[in-house]
């Protein structure tokens with residue numbers, strides 16, 4: 001029976017629970033998670049000061065199967081341990097050598113561990129099922145948003161020897177977005193300035209996190225929610241000119257906008273049931289932290305109930321369009337969202353609550 005594919009967060013939390021197998025596949029779209037998982041595999045298989053002598057790294061597009069198999073069959077140079085052979089960016093390598101890899105998984109060399117790093121790992125292939133049954137498969141796709149907060153708190157303790165207030169976790173996610181590599185970098189900076197025995201709070205996050213790009217994104221969102229479209233578009237231009245990813249920008253502003261949408265939905269549902277709910281109460285139930293309530297209440301009133309009711313649909317459409325669902329350039333996709341939310345001529349007279 002095939003073993004369940006592990007998510008990287010589970011593997012990294014307790015790597016000793018999951019023994020390394022002769023064939024390991026590390027797949028998914030998050031480079032930070034792939035890097036962390038491969039690091040653990042290297043340490044587990046090789047360890048020691050002479051580990052690099054027993055490691056071979058191939059580039060997937062140019063790697064030849066015979067060379068990979070040759071290295072796997074070669075005894076480690078020091079200590080009599082195993083070799084580790086890593087094929088990076090291995091999607092093309094897997095496509096070219098699928099039958100041979102299927103045979104190898106069935107009868108791997110005892111002298112080496114093969115690690116395939118791929119973006120895509122379809123579950124309907126014989127190779128997938130073979131590795132799932134006899135190897136180790138680690139999913140490095142970005143985790144759901146609901147899991148990021150728990151991960152951030154535990155990662156801060158485990159890897160950076162610091163703790164975060166719940167409000168600081170929320171603020172970090174809002175400022176940085178669902179980018180695990182960037183979140184890890186910000187945790188490292190916060191840990192250097194944290195006082196021993198005290199949790200990092202929102203004030204430290206506000207002062208230390210994100211550099212000018214995160215602060216510019218934060219300011220852009222404020223301008224959007226104030227109805228100041230030209231200023232918001234100017235901030236967007238600065239971010240894109242600096243090389244910021246359009247999908248990353250959307251990720252950083254989406255959490256706040258979804259809370260506004262959720263609060264509006266709570267108000268509408270209450271009215272449909274013949275009840276009334278205060279705007280601040282709806283925002284609290286939607287997950288807005290206490291230190292942001294006053295500001296967010298004003299922002300939701302500025303957007304208005306009509307537009308807030310469309311937020312879920314607009315965010316979904318923007319996300320799909322940025323991922324290839326539209327012929328428009330990414331800049332225009334983001335500009336469309338900004339104008340929908342901020343342009344004066346699109347504002348509605350009614351207000352939420």
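I need the shape label for segment 134-219. Rule: rounded when a/c is under 1.5, else prolate if a/b > b/c, else oblate, with a, b, c from the alpha carbon gyration tensor. Numbers along the way, then the final one.
Numbers: a/c = 2.11, a/b = 1.39, b/c = 1.52.
It comes out oblate by the Cα gyration axes.
Calculate for the chain the 222 nm mean residue ellipticity that helices alone would give, adding -39,500 (n - 2.57) per DSSP H run of length 4 or more and normalising by residue count, nearest 500 deg cm²/dmol. Provide the component values of the computation, followed by the final result.
Details: 18 runs with 202 residues, N = 353.
Value at 222 nm, helices only, nearest 500: -17500 deg cm²/dmol.
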- Output the relative contact order of the chain, whole-number percent, from Cα pairs under 8 angstrom with separation of 6+ residues. 15 percent
- What list do you get for 59, 179, 335 if you sort them by fewest beta carbons within 10 Å? 59, 335, 179
- With the Cα gyration tensor of segment 67-162 giving a ≥ b ≥ c as the square roots of its eigenvalues, does the rule (a/c under 1.5 for rounded; else a/b larger than b/c for prolate; else oblate) give rounded, prolate or oblate? oblate
- Note on the structure: Connecting every pair of Cα atoms under 10 Å apart in the chain and solving the GNM, the largest mean-square fluctuation among 263, 327, 231 falls on 327
- With Cα coordinates, the longest principal axis of the chain makes an angle with the long axis of helix 180-193, in degrees rounded to 10, of 80 degrees
- Message: How large is the direction-averaged shadow of the alpha-carbon convex hull of segment 218-337, in nm²?
- Response: 7.6 nm²
- Message: Calculate the FRET efficiency for residue 123 and residue 281 from the Cβ-Cβ distance with a Förster distance of 56 Å, rounded to the nearest 0.05.
- Response: 0.80
- Crossing angle, helix 293-303 versus the chain [Cα axis fit, 0-90 degrees, rounded to tens]: 70 degrees
- Query: Got the relative contact order for segment 145-209 handy, in percent, Cα pairs under 8 Å and 6 or more residues apart?
  - Reply: 39 percent
- Crossing angle, helix 166-176 versus the chain [Cα axis fit, 0-90 degrees, rounded to tens]: 80 degrees
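Using the number of other C-beta atoms within 10 angstrom as an exposure proxy, rank 338, 224 with the fewest first. Mind dumping the intermediate values first?
Details: 338 20, 224 28.
In order of increasing Cβ crowding within 10 Å: 338, 224.
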- Could you please state, rounded to a whole Å, how far the C-alpha centre of segment 236-268 is from the C-alpha centre of segment 88-111? 41 Å
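Based on the alpha-carbon gyration tensor of the chain and its eigenvalue square roots a ≥ b ≥ c, which shape applies: rounded if a/c is under 1.5, prolate if not and a/b is larger than b/c, or oblate?
Working: a/c = 2.42, a/b = 1.99, b/c = 1.22.
Verdict is prolate for the chain.
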- Beta carbons within 10 angstrom, averaged per residue: use that to sort the peptides 232-242, 116-126, highest first. 232-242, 116-126
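No lab work stands behind these numbers, since they all come straight from the coordinates. All of these numbers come straight from a predicted model, not from anything done at the bench. Methodologically, a virtual Cβ is constructed for each residue, glycine included, from the backbone with ideal geometry; neighbour enumeration extends over all protein chains shown.
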